[in-house]
Amino acid sequence: MNRRTFLLASAMPIFFSSPAQGYTFIPFTPEVWDGLRQTDQTVILNFRASWSFTSNQKLELIAKLIGENPAYNSLTFVDVNWDHYGQSVMANRMKVRRHSTLIVMKKGVEVTRVVNEPFERKIRAFLDAALAA
């Protein structure tokens with residue numbers, strides 16, 4: 001085996017590990033979304049790709065912020081797999097052009113979004129806006 005191939009293969013679990021504990025989500029399906037958008041719940045749609053460094057950074061930041069502020073646990077997080085739903089009718093209707101997009105929805109209406117900004121202050125402001133919705 002080539003040394004580079006071995007090193008890359010052995011490092012993959014480190015770079016693409018799951019987020020820290022404290023971040024629970026519902027996997028997206030059209031049926032789940034249809035049910036949630038009819039409720040009064042504040043829903044955060046997380047369009048992400050498992051292979052995306054930025055998406056994984058955001059997961060870790062969300063988990064960290066939930067640990068610091070338990071009020072964020074009242075939000076409903078829905079994980080939208082970019083590889084399956086990135087080119088879907090729903091993503092097109094919502095004008096989601098990139099993975100690593102977070103959108104706050106309330107009663108099926110967009111409140112705010114963050115696109116490709118894995119910065120703690122941005123994610124905290126985003127989650128605070130979700131709580132205020």
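The values are calculated or read from the model by the stated rules, or taken from the named source; none is laboratory data. Computed from a predicted structure; not experimentally measured. Using ideal geometry, Cβ is built from the backbone for each residue, glycine included, and neighbour counts are taken over all protein chains shown.
Listing for the model above:
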read-out	value
Residue check for Asp83: within 22 Å of Trp33 (Cα to Cα), among the acidic types (Asp, Glu) and surrounded by 14 or more Cβ atoms within 10 Å (Cβ to Cβ)	no
Given (1) modelled with pLDDT under 90; (2) touching a Leu at 6+ places or on another chain (Cβ under 6 Å); (3) not aliphatic (A, V, I, L, M), index of the condition His84 fails	(2)
Answer residue from the range 1-47, given it is closer than 21 Å to Gln87 by Cβ and charged (D, E, K, R) and is modelled with the lowest pLDDT among those	Arg37
